[in-house]
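To start, the structure itself, in structure tokens.
The values are calculated or read from the model by the stated rules, or taken from the named source; none is laboratory data. Just so we're clear, the structure is a prediction, and the values are computed from it rather than from any experiment. Because the Cβ atoms are built from the backbone with ideal geometry, glycine has one as well, and the counts that use them run over all protein chains shown.
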Amino acid sequence: MKRNIHTKGLSAFFPFSSPFLDIESEGILLGLNKNNIPYIKDIFKLTNANGIILATSGSGKSYFTKLLISRQFMNGCDVIIIDPQGEYLAITEHYKGETITISKNSETMINPLDLMGHDYLEKRLSLMDLFQIMFGDLSEIQKSILDRAVDLTYARKTITRDSYKGKKSPVMEDLYKEMISLEKDAVQQEKVTYRALLNRLGMYTSNGVFSFLNKDTNINFSNNFVCFNIGSMPKQVKPVVMYLVLDYVYMNMKSSLKRKLLVIDEAWSLLQTAEESSYVFEIVKTCRKFNLGLLMITQDVADLVNSKAGNAVLANTSYTFLLRQKPAVMMNVTRTFNLSDHEKEYLISAEKGQGILILENEHQEIKVIASPKEHELITTNPDELIKQTEDKKGTPNNQVNTDIILDIEKDVYPAEGLSLEEQNFLTNHGYELGSFHNLQNKRQVNYFVKKRLPESILHTYYVDLIFNELRKHTDKIEKHRTVEPDLIFTNKRGEEIALEIETGLGLEKKKKIHDEKFSMRKKQYGERCFVFLTRSNLEDSYRRHGLPLLFRLEILKFVGLKLDRANTENTTIEPHKPNL
């Protein structure tokens, strides 16, 4: 049946009708207000996009945070999470993000002395803040000694205020050695101060309990959803690592003006050790210039509202979400956020997922709501998680089978199709993620490649790639990591053919080694030794050795000529052009 209906009657079919409905077109749903009207706001249109979530344990702050992250990401905003408890791994995996695990056993690490994009003087100032987190309270004399030692340590790496770009930074061991050298020349009264600093600094060197920080920086991320997982990091150094990650992310994100959300869970563990740290607050104040929103989550409400650090953060945030609070801290919360008696009572008795959202000077009672799919993704209820696991896995006895059957002796694994657990497993067992071309002219693809020192992962990748291509046609093939050629295979005439894979890395330093190696190859194999070059601009450097050269796009033709045809005479590859 078809009927005409007037506008007033049609409006009754809409679930939300109110003269107060105010929707910002680029905003996200933050919840329902007390009239059950959708509250949709764009936090990037506030004075700044910084926010803080304050709540007691079990009040729904993680649920709201994950919901906010999910909706912001789907709205075109990049997301970076500093995760001290491993809570955000599932949502990162769901959105095909990248998890960077930083632990005492992982290869990924941030060097505390890495410049990380700072100019030299700015880095020295930043280190004074970092040292207070690492060593505790420092006197002015101790700061002066440390600053002098830092300056000399960088100078030995030829890093100065006038020349610092593109140079390798020292590590904590270098600073420790410089301090020992300075102690020898110090007067007797100063030796006590030096010894006190050396005792603390020694924990971060090769023989110390925190020696895993004594490494070069080994992190690179390009994904638009990144989670820094520091859940396995010892609690004593979590604030240090959180500071380093925050610094690293902040300096890297300055290069883009795209909307970005940086989430710091358990933010108070960082702030409480940075009472006098101007650098942390400088980030809070300036991230707006780079279209970056900082979202901090904490349950230490009383500590936050009663501290200098906490008040500095609160003064530079445009929105705050208060969920259920304990009566013991309610007086401080009421005074800090200028709450009414009604709001005070509301927060004390609020149900899970209900609270007061403060956007600049506007207070709204908000109820957090999620769709069934969102709820399934972000729930932290243990009973629901167990049921989800049973439904997905169907494993008896409520146990989840998480066996990883990857062979860690295999050189290369495609990143696509690997689970988050498998990726972390490879990263923690000597694999590095890289992006490489295959043997056809297609876009680069991500692979996990085993680090086989002294060779680069580029070298290992192409040796494995060509080996697998040759193995399709013959089982008479050998792969070597010794003084022998990288690959040796036998053609249909019974002749051994050798392949050397060359990336050109460290070419100048290896000139003498190459001369000896290729001279020996000519004696062994003559023109049956081919040199595969990963880049066309290396041609002139390797042409002088007098061996036939191959490039990536020639390998398939090479295999066809050498292995697929019975007549192997006159099967040399035509001289290639530099643009191949």
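Observations on the structure shown:
- Out of I466, I501, sole residue that is touching a His at 6+ places or on another chain (Cβ under 7 Å) and surrounded by 15 or more Cβ atoms within 10 Å (Cβ to Cβ): I501
For (1) closer than 18 Å to N50 by Cβ; (2) within 12 Å of the chain's Cα centre (by Cα); (3) β-branched (V, I, T); (4) modelled with pLDDT of 75 or more, each residue gets a yes or a no:
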| site | (1), (2), (3), (4) |
| --- | --- |
| N252 | no, yes, no, yes |
| K258 | yes, no, no, yes |
| I264 | yes, no, yes, yes |
| L270 | yes, no, no, no |
| E276 | no, no, no, no |
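- Annotation: V333 fulfils all but one of (1) touching a residue at least 60 places away in the same chain (Cβ under 8 Å); (2) under 19 Å from S62 (Cα atoms); the unmet one is (2).
- Leading residue by the ranking (nearest to D78 (Cα to Cα)) among those in the stretch 214-239 that are over 16 Å from the mean Cα position of the chain (by Cα) and outside any loop (DSSP other than H, G, I, E, B): P239
- The stretch 521-580: number of residues that are in contact with a helix residue (DSSP H, G or I) (Cβ under 9 Å, 6 or more places away or on another chain), at pLDDT 80 or above and aliphatic (A, V, I, L, M): 8
- Per-region count, the stretch 143-162, residues in a helix (DSSP H, G or I), more than 16 Å from Y204 (Cβ to Cβ) and either in contact with a helix residue (DSSP H, G or I) (Cβ under 6 Å, 6 or more places away or on another chain) or not aromatic (F, W, Y) (or both): 8
- Restricted to the stretch 1-120, the set of helices (runs of 4 or more DSSP H) holding at least 3 residues that are closer than 30 Å to P327 by Cα comprises 61-74.
- When the criteria are applied in full, L175 meets the requirement of being touching a residue at least 60 places away in the same chain (Cβ under 8 Å) and either surrounded by fewer than 17 Cβ atoms within 10 Å (Cβ to Cβ) or under 17 Å from V240 (Cβ atoms) (or both).
- Residue check, I102 touching a strand residue (DSSP E or B) at 6+ places or on another chain (Cβ under 8 Å), under 30 Å from Y204 (Cα atoms) and either in the same structural domain as L262 (by TED's automatic domain parsing) or without any contact (Cβ under 8 Å) to a residue 12 or more places away in the chain (or both): yes
- Residue check, V245 outside the structural domain of Q423 (by TED's automatic domain parsing) and in a helix (DSSP H, G or I): yes
- Test: residue in the stretch 110-121 that is under 13 Å from the mean Cα position of the chain (by Cα), in contact (Cβ under 8 Å) with a residue 12 or more places away in the chain and surrounded by 21 or more Cβ atoms within 10 Å (Cβ to Cβ): yes
- Among the residues of the stretch 525-542, those that are over 33 Å from the mean Cα position of the chain (by Cα), surrounded by fewer than 14 Cβ atoms within 10 Å (Cβ to Cβ) and farther than 24 Å from K472 by Cα comprise G526, D540.
- Checking E107 against (1) touching a residue at least 60 places away in the same chain (Cβ under 8 Å); (2) crowded, with 20+ Cβ neighbours inside 10 Å; (3) closer than 30 Å to L433 by Cβ, the condition it does not meet: (2)
- Single residue of the stretch 122-159 satisfying the filter (farther than 18 Å from E173 by Cα and small (G, A, S)) that is surrounded by the most Cβ atoms within 10 Å (Cβ to Cβ): S126
- Condition met for L323 (surrounded by 13 or more Cβ atoms within 10 Å (Cβ to Cβ), assigned by TED's automatic domain parsing to the domain that holds E266 and at pLDDT below 90): no
- Within the stretch 28-50, at least one residue is among the hydroxyl-bearing types (S, T, Y) and within 19 Å of E362 (Cα to Cα).
- Condition met for D407 (closer than 30 Å to F448 by Cβ and at pLDDT 85 or above): yes
- Looking only at the stretch 186-213, residues that are out of contact with any helix residue (DSSP H, G or I) (no Cβ under 8 Å at 6 or more places or on another chain), not hydrophobic (A, V, I, L, M, F, W, C) and not in a loop (DSSP other than H, G, I, E, B) come to 3 in all.
- Residue selected from the stretch 241-258 under the condition buried (at least 19 other Cβ atoms within 10 Å of the Cβ) and in contact with a Phe, Trp or Tyr (Cβ under 8 Å, 6 or more places away or on another chain), by the criterion farthest from G434 (Cα to Cα): D247
For (1) within 30 Å of the chain's Cα centre (by Cα); (2) in a helix (DSSP H, G or I); (3) closer than 23 Å to I28 by Cβ, each residue gets a yes or a no:
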{"position": "A312", "(1), (2), (3)": "yes, yes, no"}
{"position": "M331", "(1), (2), (3)": "no, yes, no"}
{"position": "R335", "(1), (2), (3)": "no, yes, no"}
{"position": "H342", "(1), (2), (3)": "no, yes, no"}
{"position": "E345", "(1), (2), (3)": "no, yes, no"}
{"position": "I348", "(1), (2), (3)": "no, yes, no"}
{"position": "E351", "(1), (2), (3)": "no, no, yes"}
{"position": "G355", "(1), (2), (3)": "no, no, yes"}
{"position": "Q364", "(1), (2), (3)": "no, no, yes"}
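- When I69, I102, I81 are screened for being modelled with pLDDT of 90 or more, under 19 Å from K235 (Cα atoms) and buried (at least 20 other Cβ atoms within 10 Å of the Cβ), only I81 passes.
- Checklist (1) in contact (Cβ under 8 Å) with a residue 12 or more places away in the chain; (2) at positive phi applied to L213, failing item: (2)
- Residue match in the stretch 50-63 (condition: free of Cβ contacts under 8 Å to residues at least 40 places away in the same chain and out of contact with any helix residue (DSSP H, G or I) (no Cβ under 9 Å at 6 or more places or on another chain)): no
- Here L439 passes the criteria (1) assigned to a loop (DSSP other than H, G, I, E, B); (2) farther than 30 Å from T99 by Cα except the one numbered (2).
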